[in-house]
Amino acid sequence: MISIESLIKKDILEQGYITLDHFLSLVIPFYYSSQESVGKHGDFITAPETSQLFGEMVGIYTANYWLKNCTNNNITVVELGPGRGYLMSDFLRATKHIPGFHNSIDKIILYEMSPKLRSYQQQNLTAYIGKCVWLDRLQELEQYISNNHCIFIANEFFDALPIKQFQFINGHWYELCLVLDQFQKFKVAPLIKMDSTSIQNNFSKSAAKSEFLEYSPSAKYYLEIIANSILTNHGLFLLIDYGHTNMVQSSTLQAIRNHKRVHFLDCIGKADITYLVNFSRLQNYFLNKNLKCTLTSQKDFLESCEIQQRAEQLINKYGADKQKINSQLEILLSPKKMGELFKCLIVNKYSYKK
């Protein structure tokens, strides 16, 4: 079988270069389908892997939305990139005692392309397997929504989408591409000269004054599906990821292998490659659709869901290890860890009741 590196080199030799997003569109799916990506024995640990409290708070927030807005309607729950299924498992366990909520869930849609991760999800969601549907194309979602309120959940999904990068050099914008140097090693080079109109169409006027830009073209595909669903049938979008709200001055691409940072061109296909999500860009997309957006830190979101009170309940009522729970809270809430770097964007129609 041809290696992923050989496949990429073949494309470069045929064309002279490949764009950065094309490179990532080859490498990222290969990585998730072939490597043990998530967990202690993988390359990185997500919030749902850190503590059951995270998925429980997402569940409580969603159930609260249902109680105040759509108890007379069925709902479809959609998770983009469900990892090993821990978030959804904790979500469902935390809400099973809320009268009528589980009965209102028509389907649980899990958007996942990795067979390896699907296998984990099926194991962890055995009790709810009758309601679960796995999709690898989000266009198929429409047949499962009908007139339902749709709850979209995306935790650390958008940061793993392929991105384009542009650099302003000597009065011109160039798209960064992947080429081979004289030693047949991969390197990034500013290659494709861009029309300034193209830059202005894809970025705000203030962003276009920067000397470095990046964005994910494929993100718009998901945003359109989500926005159209909420506009048509109401619903809720809960996006949690690590990112920023300001302009960046350099690449935010990073690669993680065995819980340590490496260069993204090292260990190709064997490291998790992500970038910092531009929350201002996502928020502006939904605002332009006349949807309501609330942007907050992960810390503030989880605390608004009373995560501290739930932690105390686990310790005092169920005998959970206090030191372990406090350590988990530190990771989820501390500004030095996930608390501030990770942000939460909540999208709904203006008629939504808090």
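Summary table below
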quantity	calculated
Criterion: touching a helix residue (DSSP H, G or I) at 6+ places or on another chain (Cβ under 6 Å) and farther than 30 Å from Glu56 by Cβ - qualifying residue of Lys164, Lys220	Lys164
Number of the condition not met by Asp266 [criteria: (1) part of a helix (DSSP H, G or I); (2) more than 15 Å from the chain's Cα centre (by Cα); (3) closer than 22 Å to Leu26 by Cα]	(1)
Residue in region 194-210 that is touching a Gly at 6+ places or on another chain (Cβ under 9 Å) and part of a strand (DSSP E or B) present	no
Selection count, region 316-328, where residues are modelled with pLDDT under 95 and either closer than 17 Å to Ala94 by Cβ or of a type in the set (A, V, I, L, M, F, W, C) (or both)	3
Restricting region 211-227 to residues that are more than 16 Å from Asp21 (Cα to Cα) and surrounded by fewer than 14 Cβ atoms within 10 Å (Cβ to Cβ), the residue that is modelled with the lowest pLDDT	Glu211
Of all residues making up region 10-31, the number that are under 29 Å from the mean Cα position of the chain (by Cα) and of a type in the set (D, E, K, R)	2
One residue from Arg261, Arg281, Arg257 being within 27 Å of Leu333 (Cα to Cα) and either surrounded by fewer than 16 Cβ atoms within 10 Å (Cβ to Cβ) or free of Cβ contacts under 8 Å to residues at least 40 places away in the same chain (or both)	Arg261
Every residue from region 75-112 that is exposed (fewer than 15 other Cβ atoms within 10 Å of the Cβ) and not in a helix (DSSP H, G or I)	Lys96, His97, Pro99, Gly100
Matching option when the condition is at pLDDT 95 or above and either surrounded by fewer than 20 Cβ atoms within 10 Å (Cβ to Cβ) or out of contact with any Phe, Trp or Tyr (no Cβ under 6 Å at 6 or more places or on another chain) (or both), among Gln143, Gln184, Gln165, Gln139	Gln165
Filter pass, Pro190 being within 21 Å of the chain's Cα centre (by Cα) and either part of a loop (DSSP other than H, G, I, E, B) or surrounded by fewer than 21 Cβ atoms within 10 Å (Cβ to Cβ) (or both)	no
Scope region 6-43; condition modelled with pLDDT under 85 and not in a helix (DSSP H, G or I); matching residues	Gln35, Glu36, Ser37, Val38, Gly39, Lys40, His41, Gly42, Asp43
Asn72 being more than 20 Å from Leu302 (Cα to Cα), assigned to a loop (DSSP other than H, G, I, E, B) and either touching a Leu at 6+ places or on another chain (Cβ under 6 Å) or in contact (Cβ under 8 Å) with a residue 24 or more places away in the chain (or both)	no
Of the criteria (1) surrounded by 14 or more Cβ atoms within 10 Å (Cβ to Cβ); (2) part of a helix (DSSP H, G or I), which one Cys344 fails	(2)
Some residue of region 139-158 being in contact with an Asp or Glu (Cβ under 9 Å, 6 or more places away or on another chain), closer than 20 Å to Asn284 by Cα and part of a loop (DSSP other than H, G, I, E, B)	yes
Residue among Arg93, Arg137, Arg118 that is of a type in the set (Lys, Arg), without any contact (Cβ under 8 Å) to a residue 12 or more places away in the chain and in the same structural domain as Pro48 (by the TED database)	Arg137
Residue list for region 288-307, restricted to those being assigned to a helix (DSSP H, G or I) and loosely packed, with under 13 Cβ neighbours inside 10 Å	Asn288
Close pairs from region 321-343: first over 16 Å from Leu276 (Cβ atoms), partner surrounded by 13 or more Cβ atoms within 10 Å (Cβ to Cβ) and of a type in the set (Phe, Trp, Tyr), Cβ under 8 Å, at least 6 apart	Leu332/Phe54
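The values are calculated or read from the model by the stated rules, or taken from the named source; none is laboratory data. This structure is a prediction, so every number in the text was calculated from the model and none was measured. A quick note on method: Cβ atoms are made from the backbone with ideal geometry, for glycine too, and the neighbour counts reach across all protein chains shown.
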